Amino acid sequence: MTHAIDMFGPVLRRSPPPRDHVLDTLMGNAGKNARRAAHVLHQLIVDCPDGLEGLAEDLSSHEHEGDKITHDLIHRLRELGPSRSPIDLGDGFRLATTIDDILDHIEQTAALMVVFNVEATMEQAVALASVLDQAAERVAYALDAYVSGQELGPHLTEIHRLENEGDRINRQGLTDLFAGGIDPMVVIRWKDIYESLESAIDACESVAIQIESLQLTSG
């Protein structure tokens, strides 16, 4: 309990709750799982069609692991409640679900490639997957930095830059698809894949925004 003095006399201010090791561990694990999943997807798209179904199954396991971590994060926040949680509950819930969004979009991208029976990759898909791989890596670094009290700025800035780069690649990729005299069915399939990859990159930026919000609200 800390004390402050104002014109009406001493004011008691409750010290913020201490950091929670379980919560910090879960946040770190969520970031690492998203990072691994993004790396597998990058490998899947680079190597396509070799090992497509096997790598897609690996991604499905990462998505299930992400669901479990999200469940455990939300459960821990509810267990702590507003009086014992070191972070705002609403911010914590949003962080958990936005990290899970990364996994959902990654798994969806792999599923689309399997359903569409993709036989050869596209240069822009490889580029988008590389951007996603880098963005997810930065998400993992940012979460580790947050829980350890280290500098967040460079990670958040880089995630924002990568999101802009993903937008640029996606726009150029769609332009090339529609201007290249490609079979319309192939165009539609790759359009869906590009947009799913872009959604995963956007989700990385949403996580960065939530981490920044946590830093501001938890002091």
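What to note about this one:
- Taking the criterion of being closer than 15 Å to Leu26 by Cβ and either acidic (Asp, Glu) or in contact with a Leu (Cβ under 8 Å, 6 or more places away or on another chain) (or both), the only residue of the stretch 100-122 that qualifies is Asp100.
- Which listed residue, of Ala110, Ala96, Ala120, is modelled with pLDDT under 95 and buried (at least 22 other Cβ atoms within 10 Å of the Cβ): Ala110
- Of the criteria (1) assigned to a helix (DSSP H, G or I); (2) on the phi > 0 side of the Ramachandran plot, which one Ile69 fails: (2)
- Checked against (1) of a type in the set (Ser, Thr, Tyr); (2) more than 15 Å from the chain's Cα centre (by Cα); (3) under 15 Å from Ala200 (Cα atoms), Thr121 meets all criteria but (3).
- For the stretch 179-198, the count of residues that are surrounded by 15 or more Cβ atoms within 10 Å (Cβ to Cβ) and of a type in the set (Ser, Thr, Tyr) is at least one.
- Matching residues, the stretch 72-88, being surrounded by 16 or more Cβ atoms within 10 Å (Cβ to Cβ) and either among the aliphatic types (A, V, I, L, M) or closer than 15 Å to Ser218 by Cα (or both): Leu73, Ile74, Leu77, Leu80, Ser85, Pro86, Ile87, Asp88
- Residue tally, condition of a type in the set (Asp, Glu) and either modelled with pLDDT of 90 or more or within 15 Å of Ile99 (Cα to Cα) (or both), over the stretch 21-67: 5
- Failed item, numbered, when Gln150 is tested on (1) without any contact (Cβ under 8 Å) to a residue 24 or more places away in the chain; (2) surrounded by 13 or more Cβ atoms within 10 Å (Cβ to Cβ); (3) under 22 Å from Arg36 (Cβ atoms): (2)
- Qualifying residue in the stretch 48-56 (condition: farther than 21 Å from Asp144 by Cα and crowded, with 22+ Cβ neighbours inside 10 Å): no
- The single residue among Arg84, Arg171, Arg94 that is basic (Lys, Arg) and closer than 22 Å to Glu65 by Cβ turns out to be Arg94.
The values are calculated or read from the model by the stated rules, or taken from the named source; none is laboratory data. What you see is a predicted model; the values in this text were computed from it and never measured. Glycine gets a Cβ as well: all are built from the backbone with ideal geometry, and neighbour counts include every protein chain shown.
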